[in-house]
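Participant: Below is the structure I would like to discuss, written out as structure tokens.
The values are calculated or read from the model by the stated rules, or taken from the named source; none is laboratory data. On a predicted model such as this, the values are computed, not experimentally measured, just so you know. Ideal geometry is used to build each Cβ from the backbone, glycine not excepted, and the neighbour counts take in all protein chains shown. To get the accessible areas, we keep the full protein, side chains included, count just its heavy atoms, and leave off ligands, DNA and RNA. Shrake-Rupley method; radii C 1.70, N 1.55, O 1.52, S 1.80 Å.
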Amino acid sequence: MQVGEHSGNQAQLDLLARLLDAAARRELPVWLGGGWAIDARLGRITRAHDDLDLTYPAARHDEFVELIGTLGATVTEITGYGFLADCGGVLLDCEPAHWTGTAWEVEGTPPGSCPDAAEGSLAGLRMRCNSWAAILWDYFHYADESPQAQWPARHVHSYGLACAAVGAAEVARLRAHFDAGRNSPSRQDH
């Protein structure tokens, strides 16, 4: 799929380029998540996208909100994991990463969820992306909430691409790790 095949993709890519440029000028790391992260890690656009999933340093929350505000974004909803914002009709789904002393990590995901290196590329733009493990973690949560047979086709497609990229053995290992974490006594107390 080419960028021009879906005008929403182009608007999101244009916004992403401006956002990453503004973040780089502030030395504020931002990671792409969700379906766009899959596409960036694969180096190609695979489908039409509904939003931009972004991860940012929790310790710099106010600065991140101010940054997206300079691009025209308005926070529209506080969620259990972060917040949603509208930026000229583009939905930003934002989640904080927490500093562990050695790296930024998305809470509850395996180590390495927010790599420091730019491991993705779209339309000639290099970018940081959430790790394959963090991407799959989101799908594992989604699968626990809704059977895959009820998923929209775009989610089934993206999940299939992520699974193919890491391989069946790694998906099984990650799913077992995910299930073990959900069933541990310390997790059940929360």
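Participant: Mind checking the range 5-94 for chymotrypsin sites (Phe, Trp or Tyr not before Pro) that DSSP puts in a loop (not H, G, I, E or B) and that have at most 16 other Cβ atoms within 10 Å? Provide the component values of the computation, followed by the final result.
Facilitator: Working: sites: 31, 36, 64, 81, 83; in loops: 81.
Here the chymotrypsin sites (Phe, Trp or Tyr not before Pro) that fit, given the DSSP loop and packing criteria, are 81.
Participant: What helices does the chain have that are whole DSSP H segments, at least 15 Å long along their own axis by Cα, and with mean Kyte-Doolittle hydropathy of -1.0 or more? The partial results should precede the final answer.
Facilitator: On the way: long enough: 7-25 (28 Å, 0.02); 132-145 (20 Å, -0.11); 153-166 (20 Å, 0.61); 168-183 (22 Å, -0.49).
Span-like helices in the chain: 7-25, 132-145, 153-166, 168-183.
Participant: Follow-up question, since we're still on this one. Quick one: divide the alpha-carbon radius of gyration of the range 80-190 by 2.2 N^0.38 Å and tell me what you get.
Facilitator: On the way: Rg = 15.3 Å, N = 111, 2.2 N^0.38 = 13.2 Å.
In units of the 2.2 N^0.38 Å rule of thumb, it is 1.16.
Participant: Expressed as a whole number of Å, what is the distance separating the alpha-carbon centroids of the range 92-108 and the range 118-190?
Facilitator: If we compute the Cα centre of each part, the gap is 16 Å.
Participant: Let me ask another. Output the antiparallel fraction of DSSP beta bridges having both residues in the range 2-120, as a percent to the nearest 5.
Facilitator: Details: 15 of 22 bridges.
Around 70 percent antiparallel, to the nearest 5.
Participant: State the antiparallel share, in %, of DSSP beta bridges confined to the range 49-190, rounding to the nearest 5.
Facilitator: Numbers: 15 of 22 bridges.
Of the beta bridges lying entirely in the range 49-190, close to 70 percent run antiparallel.
Participant: Given bins 10 angstrom wide, list per bin the percent of all Cα-Cα distances in the range 1-104, short to long.
Facilitator: 15, 49, 30, 5, 0
Participant: Here is a follow-up. What is the percent carbon and sulfur in the accessible area of the range 32-190, measuring with a 1.4 Å probe over the protein chains and ignoring ligands?
Facilitator: Working: 4100 of 7830 Å².
Answer for the range 32-190: carbon and sulfur cover 52 percent of the accessible area.
Participant: Run through the range 1-92 and list the GluC sites (Glu not before Pro) located in a DSSP loop whose Cβ has at most 15 other Cβ atoms within 10 Å. It would help to have the intermediate numbers written out before the result.
Facilitator: On the way: sites: 5, 27, 63, 66, 77; in loops: 27.
Answer by residue number: 27.
Participant: Separate question: Would you tell me the accessible area of residue 74, worked out with a 1.4 angstrom probe on the heavy atoms of the protein chains, in Å² to the nearest 10?
Facilitator: 80 Å²
Participant: Sum up the charges of everything whose Cβ sits under 12 Å from the Cβ of residue 121, counting Lys and Arg as +1 and Asp and Glu as -1, but leave residue 121 out. Could the numbers behind the result be given before it?
Facilitator: Details: positive: 41, 44, 126, 128; negative: 39, 119.
Summing Lys and Arg as +1 and Asp and Glu as -1 gives +2.
Participant: Just the number, please: Stokes-Einstein D of the range 62-121 in µm²/s, Kirkwood Rh from C-alpha pairs, 4 °C, 1.567 mPa s. Before the final figure, lay out the partial values.
Facilitator: Values: Rh = 13.0 Å.
Calculated translational D: 99 µm²/s.
Participant: How long is the gain from residue 62 to residue 74 if the chain were fully straight, where each residue apart is worth 0.36 nm and the alpha carbon distance is subtracted? Each step should come with its number before you reach the end.
Facilitator: On the way: separation 12, 0.36 × 12 = 4.32 nm, distance 1.29 nm.
The residue 62-residue 74 span can extend by a further 3.0 nm.
Participant: Another question about this same structure. Filter the GluC sites (Glu not before Pro) in the range 78-171 down to the DSSP loop ones having no more than 13 other Cβ atoms within 10 Å, then list what survives. Show your work: numbers first, answer last.
Facilitator: Details: sites: 105, 107, 119, 145, 170; in loops: 107, 119.
Taking the range 78-171 and a limit of 13 other Cβ atoms within 10 Å, the loop GluC sites (Glu not before Pro) found are 107.
Participant: Show 49, 157 ordered by accessible area, largest first, where the area counts protein heavy atoms only and the probe is 1.4 Å.
Facilitator: On the way: 49 10, 157 80 Å².
Descending accessible area places them as 157, 49.
Participant: If you average 1/r over all unlike Cα pairs in the range 101-159 and invert the result, what Kirkwood radius do you get in angstrom?
Facilitator: On the way: mean 1/r = 0.0769 Å⁻¹.
For the range 101-159, the Kirkwood estimate is 13.0 Å.
Participant: Okay, moving on. Could you work out how far apart the two model spin labels at residue 86 and residue 27 are, taking each label as a point 7 Å from the Cα in the direction of the beta carbon, and quote it in nm?
Facilitator: Those two pseudo-labels are separated by 3.6 nm.
Participant: Hey, if you drop one equal point scatterer on each alpha-carbon of the chain and run the Debye formula without solvent, what base-10 log of I(q)/I(0) do you get at q = 0.08, 0.16 Å⁻¹?
Facilitator: -0.25, -1.06
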